[in-house]
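Novice: Mind having a look at this structure? Questions to follow.
The values are calculated or read from the model by the stated rules, or taken from the named source; none is laboratory data. Not measured: the values here are computed from a predicted model. No Cβ is skipped: glycine too gets one built from the backbone with ideal geometry, and neighbour counts run over all protein chains shown. Only protein heavy atoms, including side chains, enter the accessible area calculation; ligands, DNA and RNA are left aside. Shrake-Rupley method; radii C 1.70, N 1.55, O 1.52, S 1.80 Å.
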Amino acid sequence: MDQDRIEVFLEQFRREDPPYIRALAQKAAADGVPIIRTGTQDVLRFLLRTRKPERVLEVGTAVGYSALFMKECLPDTSRITTVEKVEMRLREARKNLAAHDEGKQIRLLEGEAAEWLSALVERKETFDFVFMDAAKGQYLNFLPAVISLLEPGGLLVSDNIWHEGDVLESRYAVNRRDRTIHGRMREYLHVITHHERLETLCLPVGDGMTISERL
Ligand code: SAM
């Protein structure tokens, strides 16, 4: 079945997002900023609205689109911490959060995610939901800290596990530059599907995503 046809068909059954969320998605598309795809949004919406996590951690803010989208799916008492390191993205993210996060539910951590993850572990902060959406080649490096930060029963959602389809191809079919990410993403998938502290489901949604529960 054709994925695009399914997307168009499902459009009529989708809950409507607030107008500002739709406007941010359009602006991101016009500016070439990568944001979560609609299929990924559907899964996140379902998980957040049903599980109502209190403390969400996002790795990879970009301009704050998914953080704001997640806020709209959560109770007012939930908090989101999101990490971004690229100044150009941070400028937009600060602006978007100032305009649309009146309740100050979102905390933006500026800088390298690996450093922030260590700092959060050191501060003994914990989360009941983690959304991993940063540099795909680094997921594996972030994993030990993420597992430490996740409470038992908490969820780790990892996006773009197909890496635009490359991960499904043979190693030799992808160009040299992408070969490292290809190998690292396959390794990440193997680790999270065989990890003794995680139970993982791989979903062929959007650019591929996984949902892992911390056991
Ligand atoms: N979650 C966002 C959304 O859907 O609106 C999209 C995130 S985009 C796919 C990935 C972001 O992660 C980029 O803005 C990139 O700068 C950031 N990033 C990548 N590696 C990072 C790292 N090591 N530390 C912090 N941010 C990182």
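Novice: Filter region 73-95 down to residues that are near the ligand (Cβ under 10 Å from one of its atoms), open to solvent by less than 20 Å² (accessible area, probe 1.4 Å) and over 16 Å from residue 132 (Cα atoms), then give me how many there are.
Specialist: Qualifying residue count for the region: 2.
Novice: Follow-up question, since we're still on this one. Give the residues of region 56-71 that are at positive phi and either near the ligand (Cβ under 6 Å from one of its atoms) or surrounded by fewer than 24 Cβ atoms within 10 Å (Cβ to Cβ) (or both), sorted by residue number.
Specialist: Scanning region 56-71 gives 60, 62.
Novice: Mind checking which residues of region 116-169 are small (Gly, Ala, Ser), open to solvent by 10 Å² or more (accessible area, probe 1.4 Å) and in contact (Cβ under 8 Å) with a residue 60 or more places away in the chain? Before the answer, list the steps.
Specialist: Here is the first cut: in region 116-169, the residues small (Gly, Ala, Ser) are 118-119, 134-135, 137, 145, 148, 153-154, 158, 165.
Applying the additional criterion that residues be open to solvent by 10 Å² or more (accessible area, probe 1.4 Å) yields 118-119, 134-135, 137, 145, 148, 153, 165.
Within region 116-169, 134, 135, 153 meet the criteria.
Novice: Here is a follow-up. Return the residues of region 35-48 that are open to solvent by less than 90 Å² (accessible area, probe 1.4 Å) and either among the charged types (D, E, K, R) or farther than 20 Å from residue 80 by Cα (or both); say none if nothing qualifies.
Specialist: 38, 39, 42, 45, listed by residue number.
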